[in-house]
Amino acid sequence: MTAAAERPLVVKVGGSAGVDVDAVCDDVAALWQGGRAVVLVHGGSERTNQVATALGHPPRFVTSPSGHTSRYTDAETMEVFLMVYCGAVNKRIVERLQRRGVGAVGLSGLDGRILEGRHKRSVRSVEAGKTRVLHGDHTGTVERVNGALLQLLLDAGHLPVLTPPAASVEGVAINVDGDRAAAAVAAALGASDLVILSNVPGLLADLHDEASLIPAVARSGVEAAIAHAGGRMKKKLLGAAEAIDGGVGRVVIGDARIASPITAALAGRGTVIA
Ligand code: ADP
């Protein structure tokens, strides 16, 4: 069977401290060389925070009334976001994969409108118990994926390395959540698995105790898990639910600090949502 004939694997890797990008690339290369069709989606939040701070425009995060935290992406932040996500982070991952002999092609959601969504220009932010509306935001949620373009690349033996931003319907760059974008990509491609890697072993019952890993969450239990989880773990669970609802066979939230992190996740190490 050729790589293109089987259901692809979508891997999302975050950009938080502790993530072993080399281990992820080693594993991606081994899977790809074994004939597996893979799409790698990445973030770059931590680097964006560092660069934005160095440029005198420190990041600003807002918490919505429903408790979700997101980056307030004004015009200046989007400039930094484009430099870091589409520049340094994407190209360094492509470079790493090229060095391992992988036919990696770096793309943002803007390229070929791979990720498209509606532009949300304002965001509600809860600050000191009060809800404020912040304007000038460049964010959105992925509503459409150009799966045909990704499939074209996979069929030709390439490995797409995809990063936010997405394109708005009007063609403006918008910041979208990487986990949910990866879920939309996995659904569009009919992926067998979506592996979401970050700097924790998976969903933890107690954030301060890595031994409290929750090994499995049923689709019907995801909403309760979202209510329990904090910070960015909520988005990963939301993405997991969206992927499963979109027809993806299985989602594993796994650890990107270990050797062979993708193989381990596919073997069930992490939190499995199916
Ligand atoms: P990314 O990998 O996309 O950059 P993060 O690393 O920010 O995303 O997301 C994972 C983070 O979610 C962990 O570092 C952790 O601090 C946070 N988190 C909050 N609640 C939980 C939980 N219950 N289990 C695991 N992680 C949690």
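In this structure, is residue 155 farther than 23 Å from residue 224 by Cβ and among the acidic types (Asp, Glu)? So residue 155 fits the description; yes. When the stretch 238-250 is limited to residues that are part of a helix (DSSP H, G or I) and over 15 Å from residue 181 (Cβ atoms), the one that is nearest to the ligand (Cβ to nearest atom) turns out to be 244. So, residue 95, is that one free of Cβ contacts under 8 Å to residues at least 24 places away in the same chain, over 27 Å from residue 155 (Cα atoms) and either part of a helix (DSSP H, G or I) or among the basic types (Lys, Arg) (or both) or not? Against the criterion (free of Cβ contacts under 8 Å to residues at least 24 places away in the same chain, over 27 Å from residue 155 (Cα atoms) and either part of a helix (DSSP H, G or I) or among the basic types (Lys, Arg) (or both)), residue 95 does not qualify.
Listed by position, the strands (runs of 3 or more DSSP E) contained in the stretch 114-224 that have at least 2 residues being within 16 Å of the ligand (Cβ to nearest atom) and at negative phi are 139-145, 159-168, 193-198.
Pairs meeting the criteria (first residue in the stretch 198-222 and hydroxyl-bearing (Ser, Thr, Tyr), second residue modelled with pLDDT under 95, beta carbons under 7 Å, at least 6 apart or on different chains) are 198/14; 198/16. Go through 76, 95, 143 for me and flag whichever is modelled with pLDDT of 95 or more and either over 21 Å from the mean Cα position of the chain (by Cα) or among the hydroxyl-bearing types (Ser, Thr, Tyr) (or both). Only one candidate qualifies: 76.
Answer yes or no: is there a residue in the stretch 177-192 that is in contact with a Phe, Trp or Tyr (Cβ under 8 Å, 6 or more places away or on another chain), surrounded by 15 or more Cβ atoms within 10 Å (Cβ to Cβ) and either of a type in the set (A, V, I, L, M, F, W, C) or modelled with pLDDT of 95 or more (or both). No: the stretch 177-192 contains no residue that is in contact with a Phe, Trp or Tyr (Cβ under 8 Å, 6 or more places away or on another chain), surrounded by 15 or more Cβ atoms within 10 Å (Cβ to Cβ) and either of a type in the set (A, V, I, L, M, F, W, C) or modelled with pLDDT of 95 or more (or both).
Return the residues of the stretch 225-237 that are out of contact with any helix residue (DSSP H, G or I) (no Cβ under 6 Å at 6 or more places or on another chain) and assigned to a helix (DSSP H, G or I); say none if nothing qualifies. 227, 228, 233, listed by residue number.
Do any residues in the stretch 122-144 that are without any contact (Cβ under 8 Å) to a residue 40 or more places away in the chain have Cβ atoms under 7 Å from those of residues that are among the aliphatic types (A, V, I, L, M) and in a loop (DSSP other than H, G, I, E, B), where the two are at least six apart or on different chains, and which pairs are they? From residues that are without any contact (Cβ under 8 Å) to a residue 40 or more places away in the chain, the pairs are 140/176; 141/176. Taken together, the criteria exclude residue 67 from residues that are in a loop (DSSP other than H, G, I, E, B), under 16 Å from the mean Cα position of the chain (by Cα) and within 21 Å of residue 198 (Cβ to Cβ).
The values are calculated or read from the model by the stated rules, or taken from the named source; none is laboratory data. For clarity, every value in this text was computed on a predicted model and none was experimentally measured. So basically every Cβ, Gly included, is an ideal-geometry build from the backbone, and we count neighbours across all protein chains shown.
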